[in-house]
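Working notes, structure below.
The values are calculated or read from the model by the stated rules, or taken from the named source; none is laboratory data. What you see is a predicted model, and the numbers here were worked out from it, not measured in a lab. Cβ coordinates were reconstructed from backbone atoms using ideal geometry, including for glycine residues, and neighbour counts include every protein chain displayed.
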Amino acid sequence: MLKRYFLNIKKRNFSTASIWIKGGSDLDSVGKKGINKILISLLTRGCEGFNNFALSEYIESHGAELNHEVFEDGISISIKSLNEHFSKLFPLLNLIINKPTLLEIEFQKVKKSSINFIKKEKENPFNTCFEKWRKIVYSNHPYAFNTNGNANDVSKITYEDVLLEFQNFKGRDKYLISNSSEINGENFGTFQKNPLRRKIKKNKLRFKT
């Protein structure tokens with residue numbers, strides 16, 4: 001069950017909703033450090049009715065932001081927009097989490113980007129020192145490892161590995177946190193379902209191959 005938490009702040013003209021998923025890089029398997037980072041990046045690169053380009057276009061056309069971040073013990077996927085557009089964007093969180101496309105071509109892009117990012121991080125002396133400090137302090141605890149993983153492990157992660165990790169991901173506890181009182185008591189299935197359905201149908205026709 002998706003647990004919900006709301007904070008009603010009257011003096012604001014924007015709304016935000018965040019899904020907190022219990023378990024982050026601490027659930028990365030040995031030899032596959034960074035797999036949850038890859039999975040979450042892949043989730044936000046296409047879902048039912050939207051390929052990567054269409055999803056980005058839809059969000060940007062409403063002046064909204066879609067963000068994700070992997071921590072040692074959890075994952076955050078959030079969306080933020082003006083109040084007037086929020087009802088059109090909020091259901092995307094459900095599609096991203098439960099109905100992602102998980103295309104192999106996008107996986108290859110994410111994997112390559114992750115490896116490049118990890119290598120670039122090593123060029124910064126501070127990051128190198130911090131990684132060594134974490135190893136000294138935390139030893140083999142999950143906090144001792146970079147949430148992005150390491151280049152050696154990431155290079156060995158396969159598309160099938162990520163699909164399997166997604167099956168594990170679906171069973172994790174998830175929490176909805178929002179400052180919008182409009183979605184209090186609502187669920188992903190009923191909140192502005194029809195407008196998004198029309199958009200999904202339109203995109204399916206537009207990008208049908």
For the list (1) buried (at least 16 other Cβ atoms within 10 Å of the Cβ); (2) touching a residue at least 24 places away in the same chain (Cβ under 8 Å), I need the number of the one condition that His85 fails.
(2)
Residue pairs qualifying under the 7 Å Cβ cut-off, at least six apart or on distinct chains, with the first in the range 102-119 being on the phi < 0 side of the Ramachandran plot and the second being β-branched (Val, Ile, Thr) and in a helix (DSSP H, G or I), are Phe107/Val162; Val110/Ile38; Lys111/Ile38; Lys111/Val154; Ser114/Ile38; Ser114/Val154; Ile115/Val154; Ile118/Val154
Cβ pairs under 8 Å, 6+ apart, first in the range 19-48 and farther than 14 Å from Tyr143 by Cα, second crowded, with 22+ Cβ neighbours inside 10 Å and among the acidic types (Asp, Glu):
Ile35/Asp28; Asn36/Asp28
Hey, could you check the range 73-90 for residues that are assigned to a helix (DSSP H, G or I) and not aromatic (Phe, Trp, Tyr) and say which is nearest to Ser56 (Cα to Cα)?
Leu89
Determine, yes or no, whether Asn83 is over 20 Å from the mean Cα position of the chain (by Cα), modelled with pLDDT of 85 or more and polar (S, T, N, Q).
yes
If Ile105 satisfies all but one of (1) surrounded by 19 or more Cβ atoms within 10 Å (Cβ to Cβ); (2) hydrophobic (A, V, I, L, M, F, W, C); (3) modelled with pLDDT of 90 or more; (4) more than 27 Å from Ala17 (Cβ to Cβ), what's the number of the condition it fails?
(1)
Condition check: more than 18 Å from Leu42 (Cβ to Cβ), at pLDDT 80 or above, among the hydroxyl-bearing types (Ser, Thr, Tyr) and exposed (fewer than 13 other Cβ atoms within 10 Å of the Cβ). Does Thr128 satisfy that?
yes
